[in-house]
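Engineer: Would you mind keeping the following structure in view while I ask a few things?
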Amino acid sequence: MTVTPDARRPWLGRVLQPLALLALMWAIRLVDVIFPGSFNTWLGIESWRLGGLDGIVFSPLLHANWAHLVSNSVPFAVLGLLVCFDGVRRFWGVTAIAAVVGGAGTWLVNSPGTLTVGASGLVFGYFGYLLVRAFVAPSLGHGILYAIIAIAVGVVYGAAMLTGIFAASDGISWQAHLFGAVGGGLAALALRPKRVVGSR
């Protein structure tokens with residue numbers, strides 16, 4: 001059977017979503033290096049300051065340095081692509097919920113004046129979504145498939161995720177990790193598809 005280019009476009013469109021967002025992060029980092037000043041200081045999440053709330057939207061796109069961006073890039077792409085296979089709208093819905101819950105939790109729980117940037121909150125959000133999604137699948141078949149994916153994701157990234165929350169190094173925001181994961185789990189519940197009901 002021959003697959004036409006039109007039949008491949010939906011998959012291409014899905015794959016491009018997280019990759020385009022990742023490309024934007026790299027472009028912003030490059031611009032931040034070239035021009036004086038820093039986006040981080042005025043677009044990051046600054047805890048307990050009302051003016052720092054706009055960082056909930058912008059901070060996932062910002063990184064402290066190239067090493068920070070590189071360390072987030074691979075898990076962001078892998079987990080983002082897995083989320084994207086559920087559809088473009090669902091990917092952006094999960095991204096939005098994880099960013100808002102993760103950012104708000106970070107803003108509230110961090111020490112006043114703490115500046116937080118980075119996409120790791122979204123990475124943990126995608127991780128949380130993929131784990132919880134197995135429990136809210138629309139059918140048994142989907143549930144088994146999602147459970148297999150969740151187990152694989154847990155095996156590959158589980159230790160790093162737990163370390164990022166419970167044993168984070170100095171300068172690493174466990175708050176963004178924890179609340180990002182919570183946001184991803186909530187996204188799985190909020191965006192869960194309707195159960196498939198068989199007819200007689």
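Engineer: I'd like to verify a number: residues in region 166-186 that are without any contact (Cβ under 8 Å) to a residue 40 or more places away in the chain and within 15 Å of the chain's Cα centre (by Cα), how many?
Structural biologist: 1
Engineer: Turning to a different aspect of this structure: Quick one: D170 ticks every box in (1) among the charged types (D, E, K, R); (2) under 25 Å from G55 (Cα atoms); (3) buried (at least 24 other Cβ atoms within 10 Å of the Cβ) except a single one, so which number is it?
Structural biologist: It fails just one condition, (3).
Engineer: If we keep just the residues of region 105-116 that are in a helix (DSSP H, G or I) and in contact with a strand residue (DSSP E or B) (Cβ under 9 Å, 6 or more places away or on another chain), which is nearest to L189 (Cα to Cα)?
Structural biologist: Among residues in region 105-116 that are in a helix (DSSP H, G or I) and in contact with a strand residue (DSSP E or B) (Cβ under 9 Å, 6 or more places away or on another chain), the one nearest to L189 (Cα to Cα) is T106.
Engineer: Same structure again: Quick one: which of G121, G141 is of a type outside the set (V, I, T) and surrounded by 14 or more Cβ atoms within 10 Å (Cβ to Cβ)?
Structural biologist: Every option except G121 fails the conditions.
Table: residues versus (1) within 12 Å of V83 (Cβ to Cβ); (2) of a type in the set (A, V, I, L, M, F, W, C).
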site	(1), (2)
P112	no, no
L115	no, yes
L122	yes, yes
G125	yes, no
G128	yes, no
P138	no, no
G141	no, no
Y146	yes, no
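Values quoted throughout were computed directly from the atomic coordinates according to the rules given, and no laboratory measurement underlies them. All of these numbers come straight from a predicted model, not from anything done at the bench. Glycine gets a Cβ as well: all are built from the backbone with ideal geometry, and neighbour counts include every protein chain shown.
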